[in-house]
Amino acid sequence: MAGKGFTVKKEWDNPIDHPMPAEARVPAEVRLGSVAVTPATVLAPMAGVTDTVFRRFIRHASLFSAAAPLNDSIDSAVTNAQSGCGLLMTEFTSADGLARMRETKRRRYLTFYGDEHPIGAQLFGSNPETLADAARIVEETGFDTIDLNLGCPAKRVVGCNGGSGLLRDLPRIGEIFRAVRKAVTIPFTVKFRMGWNEKQIVCVELARMAESEGLNAVALHARTREQGYSGQAQWQWIAAIKQAVAIPVIGNGDIRTPEDAAAIVAETGCDAVMIGRAAPANPWIFRQIAQYTATGEYERPSMLDRYHMIRAYFEMLLAEVEATKDLPRDARMGDPAGKMKQFATWFTHGVPGGAKLRGAIYQARTGAGVLDEVERFFTARLEAGEAPAADSITDPEDDAQAFPEGALICD
């Protein structure tokens, strides 16, 4: 669904290295209406990424206690209060599609498990009545919050007046706010961009409208639609919204590290942070933020940690495929090998020789074959004593090949 020029970039343009702020930390909690998000961190909705397997993977990878090393075993009973990630979000889902699709297919898009609470579902669309109907489905399914997507820049979405396309039609957005707010009782939030372009910045006005229509929070990806994922996020607009409204403001854009998370809070006063494309590349980022908040420092994963992480995700994916194999075709997880290959690009970033591992994974034909290649690759390197921290590695081959342009939509 990605439009030309707006495929998500897995790297950042001239990223700014923020020093650790002396005082500011990510807040311990933010309340979205009746829902407590503890800590105040949110996994951004990402099409093709934040399905139930990845969400649970992040929730478990983010488990944190001040005394626990990264390699500690993880108890299956997880609450958001124990986790570095306070709120999980689904992939963004078409309201029109939900209204039309069969119940079995809805299950594929809206499946979640008990350890994912609190969890929000994100919808996109342009028809107020259809969005209201879809919101009711979301609430009846048991989600804790519902979010409206006004940020996706993809051509096919914008062409239907969805996503960031609606930023050119504030009266229609007002109609949608009223229809959805009337339809559901769970907390209702919205994520948007600054505006269509630099000459049409509407984010402050839009935030005020959201507050007046009874929404419980706003999230700003501090770029315009025309920027896509290029250039720098303009955090000053998050600060401007924070000054304009009393409801919680969630900051998003260019948060790659715990330092960035603390810096955006220090610079904007935002009540929570939302992390998107950094999460697949570094699934520990939420735990690292929690560690830094608690102790003033955080651990960096070793190659052994990276190996355990890749195996854990791939095994979770295979288990979900097995668990859904007898469901109607529309409700099944799908091809595990294809999903593994998709995530291999993210997960092997920073691993020496990672391009070779990716090549072997891309040649594998089954999920079991992918796992075999992962086992073979890491066993050889760990036996050879190659176990530096993954983020300290520089490999020219990886730098050139690790993050080609993808076809995912990252809101």
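Numbers for the structure displayed
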read-out: Karplus (6.51, -1.76, 1.60) ³J(HN,Hα), θ = phi - 60°, over segment 266-277, in Hz, Gly and Pro reported as x; value: 5, 7, 10, x, 4, 8, 7, 10, 10, 10, x, 5
read-out: For segment 118-245, projected area of the alpha-carbon convex hull averaged over all directions, nm²; value: 7.4
read-out: Entries of K191/K242; K155/K191; K155/K182; K155/K356 with Cα pairs more than 25 Å apart; value: K155/K182; K155/K356
read-out: Under Karplus coefficients 6.51, -1.76 and 1.60, residue-wise ³J(HN,Hα) of segment 215-223 in Hz, glycine/proline x; value: 6, 9, 5, 10, 10, 10, 8, 7, 9
read-out: Amide hydrogen neighbours beyond the local backbone of Q122, cut-off 5 Å, H modeled; value: T90, T93, D147
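FYI, it's all coordinate maths here, none of it is from the lab. Treat the numbers as computed from the prediction; the structure is a model and nothing was measured.
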